[in-house]
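See structure below.
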Amino acid sequence: MHAALKSTATPYPACAARSGYSYKHLTTSPHKSAKRGVVVQAAKQDPEGLVKRIGREDVKLSFARSGGAGGQNVNKVNTKVDMRITLDDVSWLEDDAKDALKRREKNRINKEGELVITSTRSRSQADNVEDALEKLQAAIDGAVESIQPIEIDPEKQKQMKKQ
């Protein structure tokens, strides 16, 4: 009987339960190194400085417990970021840009007129704040870019006249 137990034994100890889940698909998140690229890319898109860079002082932040991976850490630490900005109170953004932002992000705006951005990407609260700020900045940059007049290339205009 002892030999039969050895032949069916698994490489795991008897007290350890083997899970059917695999963690091989999990990789380290590249967002820490990507942050610098997003900031550089945003600076390249707006070299004149037409759009204000968003900071923590411009938004209301609240934190909650985040779900997902993290083990017992998710039950102890408030890492989820809930960032809100009231668009009607923003004086540094043009009305046309506010309207474009409201159209583009209509599913993120609540009844009080607040644009709500959340982030649970990282297990770190500070990284999630940075991620949420980047999301907000990208949304504002996209709205401002969408209202900018399109410059007509003289060469393309000549080609259009030839046709």
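Read-outs throughout are calculated quantities, based only on the coordinates presented, and are distinct from any laboratory measurement. What you see is a predicted model; the values in this text were computed from it and never measured. Virtual Cβ from ideal backbone geometry, glycine too; neighbours counted across all protein chains shown.
What the table shows:
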| quantity | calculated |
| --- | --- |
| Paramagnetic reach from ASP96 in region 140-161 [backbone N under 16 Å; point 7 Å along Cα→Cβ] | 141-152 |
| Mean Cβ neighbour count within 10 Å, used as a protection proxy, ranking 100-108, 139-147 highest first | 139-147, 100-108 |
| Rg(Cα)/(2.2 N^0.38 Å) for region 93-132, N = residue count | 1.43 |
| Cross-link table LYS60/LYS135; LYS52/LYS102; LYS52/LYS156, entries beyond 22 Å C-alpha to C-alpha | LYS52/LYS156 |
| Anchor LYS98: aspartates and glutamates whose Cα lies under 20 Å away (excluding residues fewer than 8 positions away in-chain) | ASP46, GLU48, GLU57, ASP58, ASP88, ASP89, GLU112, GLU114, GLU134, ASP141, GLU145 |
